Amino acid sequence: MDENIKIVSRLSKKAKINIGIAIFLLFILITVLTSINQVKSIVEKREKIIELEEKLNWYRNENIELLALEKSLYDGEAVELEARKQFNMTTGDETNLSVVIGESESIDGTEDAAGPSGEEVYSNSDLWENIKIFYNREIGSN
C-alpha cells in the first residue's frame, strides 16, 4: 500500500504563493534600499557641484575685479605715482635729492667707532663690525 501513495508536496499551493510573494517583496525592498543609497550619493554630488560652481563664480568675479584694478594702474597718474614711490624718479625740472649718512663721525669730523661713553657703537654699513661688537658685548664679556 505504501507503494501506491505518492507525496506531491508538503506545502499547499496557497503557502507556495505566499512564500513567492514574500521573496519577491524582499527582492523589491533590497532593490529600493540600494537605489536610495545611489540617489543619496547623486544628490550629494550635485550639491558639491553647485558649491564648486559658486566658488568658481566667486573666483571669476574676483579675477575680473583684479584685472580692472590692474588696468586702472596703467593710467598715467598711477604709473607716475608708483615710479616716484618705488624708484625715486622725477619728472620735468624736478631735482632728485638723496641724503648720505656717513659712518659714525663725531662732531669735530673725526671718525670714532666708540660712542660718547667709550662704548663701541653699531654702524649702518659694516655688518662684520656690528657682529664683532655684539660678540664682545654679549658673549665675550662673560
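The numbers here are math on the coordinates, done by the rules we state, and not lab data. Just so you know, these numbers come straight off a predicted model, no measurement behind them. Here the Cβ is made from the backbone with ideal geometry for all residues, glycine too, and neighbour counts use every protein chain on show.
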In nanometres, what is the gap between the two model label sites at residue 22 and residue 87, each 7 Å from Cα along Cα-to-Cβ? 9.1 nm
Can you give me the distance in nm between label points at residue 65 and residue 131, each placed 7 Å from the Cα along the Cα-to-Cβ direction? 4.6 nm
Set of lysines with alpha-carbon distance to residue 85 below 20 Å, sequence-local pairs under 8 removed: 71
Tell me the label-point distance for the pair residue 75, residue 33, using the 7 Å Cα-to-Cβ offset, in nm and rounded to one decimal. 6.8 nm
